[in-house]
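For reference, the structure is listed below as structure tokens.
The values are calculated or read from the model by the stated rules, or taken from the named source; none is laboratory data. Not measured: the values here are computed from a predicted model. All Cβ positions, glycine included, derive from the backbone under ideal geometry; neighbour counts span all protein chains shown. The accessibility values were calculated without ligands, DNA or RNA, using every heavy atom of the protein model including side chains. Shrake-Rupley method; radii C 1.70, N 1.55, O 1.52, S 1.80 Å.
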Amino acid sequence: MVQGLVLCALLLGLLPLFEFLATQGDWNFAAHGVWPVVVFTLKQALISTLISVVAGIAVAHALLRQNFPGRALFLKLLALPMAMPAIVAVLGLVSLFGNSGLLPGVVPLYGFTGIVLAHVFFNLPMCARLFFQALQAAPEEGFKLAAQLNMGEAATFRHVEWPQLQPAIARVASLVFLLCAASFVIALNFGGASATTLEVAIYQSLRLDFDVPRALQLSLVQVALSGTLIWLVAKAFESDAFAVSLKPWQGFRPRPSLATRALNIALVCAAALLVLPVLLAVLASGLQGLHFTAPTWQALGTSLALGLASAVIALLLAWPLARADDAASHLISLAAMILPPAVMATGWFILLRGLPDSWALSFALIVALNSLMALPFAAATLTAGFRKITPVHERLASQLGLQGLARLRIVELPVLRPHLAQALLMAMVNSLGDLTAITLFGSHGILTLPSLQQAEMGHYRGAEAAGTAALLLLVCGALTFLAHHLAEQHDHA
Amino acid sequence: MITLENTVSKRGGFTLKANFALGEGRLCAVLGPSGAGKSSLLNVIAGFDDLVSGRVLIDGEDVSRASPARRPISMVFQDHNLFPHLSVWDNVALGAAASLRLTEEDKSRVDEALARVGLASLTARKPFRLSGGERQRVALARVLVRRSKVLLLDEPFAALDPGLRAEMLQEVVDLTREQKLTTLLVTHQPEEIRAAVDDMLFVAAGQVSGPMAPAAFFANGSPAIAAYLGLTARG
Amino acid sequence: MKKLFLTLIAATALALPAAAKDALTVYTYNSFVADWGPGAKIKATFEKTCDCDLTFVALGDGVAMLNRLKLEGKGTKADVVLGLDTNLTAEAKATGLFAKHGVDVKRAQVPGGWSDDTFLPYDYGHFAVVYNTEMMKDPPKSLDELVNGDAKEKIILEDPRASTPGLGFLLWMKQVYGDKSAEAWKKLKPRILTTSASWDDAYALFTKGEAPMVFSYVTSPAYHMIEEKTDKYQAANFAEGHYLQVEVAGIVEGSAHKALAQKFMHFMLTPGFQDEIPTANWMLPAAPTSAPLPDAFNKLVKPAKTLLYSPEEVAAHRRDWINEWFMAVNG
């Protein structure tokens, strides 16, 4: 049902564009230098994804095994990079590793390394959080059996934890790949002109050349590439069975060897060193520029309203997709990332141009696009939750004749509550940091924190822009803590 | 033969005390109200919970400090006994070598064990295509391959229907006798296993009492057991 | 989704204003109406003289405005479009969506004079390489010195596909080097720290101290002198001359308020509008202001020569020139 609706929204958006393509298309790609762009897009996205996913698993595993004071806090902080507009992260990384930074020359920031580093900064924390969630579902009995059967740490990982990770890997990896493949601000600012991704080429055709057929052609190349890769990843990590457990993970866990413990600590420290200094740099450079003028309040209010509306809609769309938990739903949840938002937005715009242009229309379109872009995050989180609802639950509910709202309230909500809070948060944080939708549809003086930050940057007001970025980070931080607090309160009740 | 000498163990805020011995080839039921420490008792024996004081001996050998893998013990749970991504055969073979690199002799032992529990025809299946009873048989086959001296069963048949439960119970009795195991079976059906078991342990409020013969257990006048069996008038 | 659209339609229906006074809708870019931009004061001043409602609709930048207009076609609500530059006017004219402005072009004071009867300028600025005097003692004195200079002293550029100054620099290179511009780009390449997605990004990296030079405007130092009281940042005067950006406005052909729109175009070249340009838009006024410009503006570089392609040339060659640049810097 929702699958169909989301697909309809997307296809409707593309329909007017295909009309352009049919009438003015020219398929000679080689002449336009598309090939090197495709190669570069793939190369940087694959390497960034590989590092983020492998390191994300390692960090999640280490975090799960290694309890330390502040672990819960650290996990919460890992939600924050996602909230940062790309340029804020770029400037944060520059404060650390740039020519004028604290550690100049430690990492060659301008070039391929910088692009990958920035992508890993954004995506490793997200991977770690999602894998942490997947690993938590590993059943206690598995660890007991492994201990009894004299399995080493590697075998325990292979037999007990890997089966939990396997279905999550395909999802998380495709999400990260899409995020990296669509890189624009990071790719250009660190890579310069040679770092042209398909997204940049699409932007050029759509904006500068206003060549809709070419933008659509390039989008189709992107769709084909991403689609194939997602399919391959899904095939590679296909699993025909997975254990589900409701037991809290505080049960028996093997004691890691000294070497493993050292490695775990090293991994957590490395992740902390990647994420925390950038967050601190953004806060430190922003705190003196923190200001509360009328536009700040207006942007804060609009951001929160847009974020909440987008998150709620994303959640409603994600619910049936996560519940179905099949390949089609997975692909649909990623649709808004596979199709470049700018292309989709153009289609929507052509469709709706008969409607009177108004503040409400702009607001609604921003919410619609944001909720589609936040959908994969919400769906990934909710899917993990739905997997905890065992067939036993399902049978029990059917037997008791629990349906509709009653089933939701009695069977699903209690299990899903922490995941719902988490999904809502991820969707909201994602929307709060978004600049794409606001750039595409933001007229009538709709001002959000990222667009205010951008406007300040565009007017020589670097210090104020840093302050707005810090405020955005603080707001997201506060929301993260609130969401966790709400989820945990219910867990303990 | 298993001996718990004045053991005290803690998990969270819960303390469990035990002091008893059970001979080889004997099947002992572990009974008691929910949350009173039955599973904790098995965890102490298997080495999943650490001892605060006291000793655990198997055939006279102190295993108190040994890791779960070093103890000649197998444990079967109500669920999750099988690794979902491995075939039936591999799941049993794990009992011989965790690396799954088996000698020819090991391989024939795996085949024998599977034949012994009546699953010789299902060796290639994945666990999700087995019935509940079949899964528990796979777990028992692995116990055979491991050549354990002590078998710990934590409500292993709770999810099965009564006919199947009786059948599986008989299988456990036979294995215990045949392999000269010492078997502890946690259950909530004292009447059902009454005729099959040799001894009964009663765990209540963190204290293990027994072993006692089934007849003695049912005739025991202690208020805790009477309450557990539902013999006292509630008011 | 369906529900969403229904609410959306309902909401927009309610939002339709009851037209009492004559209303003028002006499409412009975001920073024109930002809190610190010139928009609010200009609106107030104009409304005092016209007994009308002036509404600014902010749409990203010049390119975004033009694209929006193309998408809306004849159905557009815009009466005036303010904020295109001369690199876009040929394309804008070709849409057939613009009417003649009817203002005497001699009133527009921009380098090289003005003759376009469709678009009217309201401000202008020369591009320039801005450098950090604390990091660089000996700035390049010509584009050629920049191209052939020390590769250790870097410059931050903007991408011509995504940014107006980026395109400006590309055209500047083309003006100076002509057929040899690909070679010049290859020589310049080692000096480029990075090519940012926008002027905002490039300037932020520059003020953080990432490189001693950035591609910006001649007027940039005025901001730092007036608002930050520092002359740390200066523009380099290039011997070959400087490329010019002229910002213009035009009347939409299908406008229902053409008379009012023409009134606005007139107003645009009076002090009521022009007074706001220097210190709110940080560009140079295209007509007299009521008072002399702040002193800082007198200290700015005065380009010896103005470089500019006609809108038609830009429209005809832009795509090829961008391709040439792309191949050169990727070679």
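Obtain the nm distance between the two label points defined at B:Ala97 and B:Gln170 by a simple spin-label model: each point lies 7 Å from its Cα along the Cα-to-C-beta direction.
Result for the modelled spin labels: 3.7 nm.
May I ask you to list the trypsin sites (Lys or Arg not before Pro) in the range C:279-331 that are in a DSSP loop and have at most 16 other Cβ atoms within 10 Å of their Cβ?
C:Lys299, C:Lys305
If the cut-off is 19 Å between C-alpha atoms, which aspartates and glutamates fall inside it for C:Lys229, apart from same-chain ones fewer than 8 positions away?
A:Glu456, A:Glu464, C:Glu134, C:Asp295
Give the carbon-plus-sulfur fraction of the accessible surface of the protein assembly as shown in %, rounded to a whole number; probe 1.4 Å, heavy atoms of protein chains only.
Looking at the protein assembly as shown in its full context, I get 59 percent from C and S.
Considering the convex hull of the alpha carbon atoms of the protein assembly as shown, report its projected area averaged over all viewing directions, in nm², one decimal.
Value for the protein assembly as shown: 48.7 nm².
Hey, what number do you get for chain C at 222 nm if only DSSP H runs of n ≥ 4 count, each worth -39500 (n - 2.57), divided across all residues, to the nearest 500?
Calculated from helices alone, the mean residue ellipticity at 222 nm is -11500 deg cm²/dmol.
For the protein assembly as shown, what is the percent of antiparallel DSSP beta bridges, rounded to the nearest 5?
55
Starting from the range C:128-233, pick out the trypsin sites (Lys or Arg not before Pro) whose DSSP state is loop and whose Cβ has at most 13 other Cβ atoms within 10 Å.
Hits after loop and neighbour filter: C:Lys137, C:Lys141, C:Lys152, C:Lys229.
Report the longest stretch of chain B that contains none of the trypsin sites (Lys or Arg not before Pro) sitting in a DSSP loop with at most 13 other Cβ atoms within 10 Å.
B:1-64
Which of the listed residues, C:Leu157, C:Ala99, C:Val246, is farthest toward the dipole's positive end in the range C:97-249, when Lys, Arg count +1 and Asp, Glu count -1 at the beta-carbon?
Of C:Leu157, C:Ala99, C:Val246, it is C:Leu157.
In nm, to one decimal, how far is the modelled label at C:Thr118 from the one at A:Arg409, with both set 7 Å along Cα→Cβ?
6.5
Output needed: Cys residues of the protein assembly as shown lacking any neighbouring Cys C-beta below 4.7 Å, sorted by number.
If one checks each Cβ against the other cysteines of the protein assembly as shown, A:Cys8, A:Cys127, A:Cys180, A:Cys269, A:Cys476, B:Cys28 turn up with nothing under 4.7 Å.
Ignore the peptide's own chain and count Cβ atoms of other chains within 10 Å of each Cβ in A:313-319; give me the average, rounded.
Mean shielding by partner chains, rounded to a whole number: 1.
Rounded to the nearest 0.05, what FRET efficiency do B:Arg125 and A:Val39 have when you use their Cβ-Cβ distance and R0 = 51 Å?
In this case the efficiency is close to 0.70.
Which residues belonging to the range C:156-196 lose at least 40 Å² of 1.4 Å-probe accessible area when the assembly is complete, relative to their chain isolated?
The answer is C:Arg161, C:Ala162, C:Leu193, C:Thr194, C:Thr195.
List the lysines whose Cα lies under 28 Å from the Cα of B:Lys180, skipping any in the same chain that are fewer than 8 positions away.
Within the straight-line cut-off, B:Lys180 pairs with A:Lys144, B:Lys17, B:Lys38, B:Lys107, B:Lys149.
With an 8 Å Cα cut-off and a minimum separation of 6 or more residues, compute the relative contact order for chain B in percent.
Dividing the mean separation by the residue count of chain B yields 29 percent.
A plus B alone minus the pair: what accessible area, both sides summed, probe 1.4 Å, in Å² to 100?
Rounded to the nearest hundred, the buried surface is 2200 Å².
Return one whole number: the accessible area per residue of chain C in Å², for a 1.4 Å probe.
Spelled out: the 1.4 Å probe surface of chain C, per residue, equals 39 Å².
Taking chain B as a Gaussian network, Cα atoms linked when under 10 Å apart, which of B:Pro162, B:Pro214, B:Pro72 shows the biggest mean-square fluctuation?
Result for chain B, Cα springs under 10 Å: B:Pro162 fluctuates most.
If you count, for every residue in C:51-58, the Cβ atoms of partner chains within 10 Å of its Cβ, what is the mean?
What the average comes to for C:51-58 is 2.
Of the listed pairs C:Lys41/C:Lys305; C:Lys93/C:Lys263; C:Lys154/C:Lys174, which have alpha-carbon separations greater than 28 Å here?
Cα-Cα > 28 Å for C:Lys41/C:Lys305; rest within.
Between B:Glu104 and A:Arg261, what FRET efficiency comes out of the Förster formula 1/(1 + (r/R0)^6) with R0 = 51 Å and r the beta carbon distance, rounded to 0.05?
For A:Arg261 and B:Glu104, the calculated efficiency is 0.85.
In a Gaussian network model over chain C where Cα atoms closer than 10 Å are linked, find which of C:Thr207, C:Thr164, C:Thr219 has the largest mean-square fluctuation.
C:Thr207
Which residue fluctuates the most in chain C, going by a Gaussian network model with Cα springs under 10 Å, if the choices are C:Ala90, C:Ala204, C:Ala235?
Ranking C:Ala90, C:Ala204, C:Ala235 by mean-square fluctuation puts C:Ala204 first.
What 222 nm value per residue comes from the helices of chain B, counting each DSSP H run with n ≥ 4 as -39,500 (n - 2.57) and dividing by all residues, nearest 500 deg cm²/dmol?
So the calculated ellipticity at 222 nm is -9500 deg cm²/dmol.
Which semi-axis lengths, in whole Å and largest first, follow from the square roots of five times the eigenvalues of the Cα gyration tensor of chain B?
The three semi-axes for chain B are 31, 21, 15 Å.
Give me Rg over Rh for chain C, both radii from the alpha carbons and Rh done the Kirkwood way, two decimal places.
0.99
Using protein heavy atoms only (no ligands, DNA or RNA), what is the total accessible area buried between C and A, 1.4 Å probe, nearest 100 Å²?
5500
Kyte-Doolittle cut-off 0.0, length cut-off 27 Å along the helix's own axis using Cα: show which whole DSSP H helices in chain C pass.
none
For A:Leu46 and A:Leu12, what is the calculated FRET efficiency with R₀ set at 41 Å and r taken between the beta-carbons, to the nearest 0.05?
For R0 = 41 Å, the calculated efficiency reads 0.80.
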